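Asker: I'd like to ask you about the structure that follows.
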Amino acid sequence: MTVCLSQVFAIVGFAAIRSGFVAYGQEETRVSPLPHSFTVVETAKYTIEIPKGWSIGKETPWGARDITPESGAGQFGAMTAGPTKAGWNELYKTSLFFIKQEEPGTETPFRTGKTKLGYDCMAFEVKNKAGFFSRRFTLVRNAAGNVLALSIRIPSQEQEKSFVEMFKHMVDTAKLK
C-alpha cells in the first residue's frame with residue numbers, strides 16, 4: 001500500500017469509523033475515454049475524471065483506490081466514506097495524525113469552500129522536508145454527509161504545475177451519488 005493511499009485513508013477512514021460507518025465492498029467501475037485528455041471513472045458512489053493513460057486500482061474494503069500514471073512517479077488517490085457527522089476540524093486533525101506518521105511534514109491550515117459543482121469541500125497541503133508541498137488533499141462532501149477524499153502526491157517541483165492542473169480537474173469534476 002502506498003503512502004498516498006494511506007493518507008487518503010487517514011483523511012476519512014478514522015473519522016468515518018468513529019461515526020459508525022461500515023466500509024463499502026468491492027464495486028463495479030466503468031471507465032470511459034473522453035474526446036479530450038481525460039477519462040471518466042464511474043463507480044456506484046462517485047464519478048471523477050482522471051488523465052488519459054492513468055489507471056485506477058481496485059477498491060479496498062474501506063473504499064480507497066490508487067490512481068497511477070502509465071509511467072513515472074506521482075499518484076492520485078480517491079476514497080469514499082459516509083455518511084459521517086464529523087466536522088472539517090475533526091477530519092483535518094485525524095488526517096494529520098496519520099499523514100505525519102507516514103511521512104513528517106508541515107501542514108497548511110485547511111480551507112473550506114465549494115467545488116465547481118457546488119459541493120462543500122476542505123483542502124490543505126503538506127510540505128515535505130525539502131520545503132515542497134508534495135502532498136495535497138481535498139475532501140468533498142454532499143448534503144447527505146457522504147465524503148469523497150481526493151489526494152495527490154506530486155513527484156517533483158518540476159512537475160508541480162502539470163500535476164496540480166490534473167488534480168484540480170479531478171476535483172472540479174468529482175460528483176458524489
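Asker: Can you name every residue in the stretch 136-177 that is within 15 Å of Phe124 (Cβ to Cβ) and in contact with a Lys or Arg (Cβ under 6 Å, 6 or more places away or on another chain)?
Answerer: Val147, Ile152, Arg153
Asker: Hey, another quick one. For Val147, are the conditions met, namely being modelled with pLDDT of 95 or more, among the hydrophobic types (A, V, I, L, M, F, W, C), surrounded by 22 or more Cβ atoms within 10 Å (Cβ to Cβ) and over 20 Å from Glu103 (Cα atoms)?
Answerer: Numbers: modelled with pLDDT of 95 or more: no; among the hydrophobic types (A, V, I, L, M, F, W, C): yes; surrounded by 22 or more Cβ atoms within 10 Å (Cβ to Cβ): yes; over 20 Å from Glu103 (Cα atoms): yes.
Against the criterion (modelled with pLDDT of 95 or more, among the hydrophobic types (A, V, I, L, M, F, W, C), surrounded by 22 or more Cβ atoms within 10 Å (Cβ to Cβ) and over 20 Å from Glu103 (Cα atoms)), Val147 does not qualify.
Asker: What number of residues within the stretch 59-73 satisfy the criterion of being assigned to a loop (DSSP other than H, G, I, E, B) and touching a helix residue (DSSP H, G or I) at 6+ places or on another chain (Cβ under 6 Å)? Can you show your working first?
Answerer: Residues of the stretch 59-73 assigned to a loop (DSSP other than H, G, I, E, B): 59-63, 69-73.
Within this subset, residues satisfying the condition of being touching a helix residue (DSSP H, G or I) at 6+ places or on another chain (Cβ under 6 Å) are 62.
Result for the stretch 59-73: 1.
Asker: Ok, one more. Would you check if Glu103 is surrounded by fewer than 17 Cβ atoms within 10 Å (Cβ to Cβ) and without any contact (Cβ under 8 Å) to a residue 12 or more places away in the chain?
Answerer: no
Asker: Do we find that Lys129 is at pLDDT below 95, closer than 21 Å to Phe163 by Cα, of a type outside the set (A, V, I, L, M) and not in a strand (DSSP E or B) in this structure? Step through it out loud before you land on a result.
Answerer: Values: at pLDDT below 95: yes; closer than 21 Å to Phe163 by Cα: yes; of a type outside the set (A, V, I, L, M): yes; not in a strand (DSSP E or B): yes.
The answer is yes for Lys129.
Asker: Something else: Look at the stretch 118-133 and say how many of its residues are over 18 Å from Asn89 (Cβ atoms) and either buried (at least 17 other Cβ atoms within 10 Å of the Cβ) or touching a Leu at 6+ places or on another chain (Cβ under 9 Å) (or both).
Answerer: Residues of the stretch 118-133 that are over 18 Å from Asn89 (Cβ atoms), as a first pass: 118-119, 127-133.
Right, trim to either buried (at least 17 other Cβ atoms within 10 Å of the Cβ) or touching a Leu at 6+ places or on another chain (Cβ under 9 Å) (or both) and you get 119, 133.
Number of matching residues: 2.
Asker: I need a count of the residues in the stretch 84-142 that are acidic (Asp, Glu), over 16 Å from the mean Cα position of the chain (by Cα) and over 18 Å from Arg153 (Cα atoms).
Answerer: 1
Asker: Okay, moving on. Spot the failing condition for Phe76; the list is (1) more than 16 Å from the chain's Cα centre (by Cα); (2) on the phi < 0 side of the Ramachandran plot, and only one is missed.
Answerer: Status for Phe76: all satisfied but (1).
The values are calculated or read from the model by the stated rules, or taken from the named source; none is laboratory data. Here the structure is a predicted model, which means the values were calculated and not measured. Don't worry about glycine lacking a Cβ; one is built from the backbone with ideal geometry, like all the others, and counts go over all protein chains shown.
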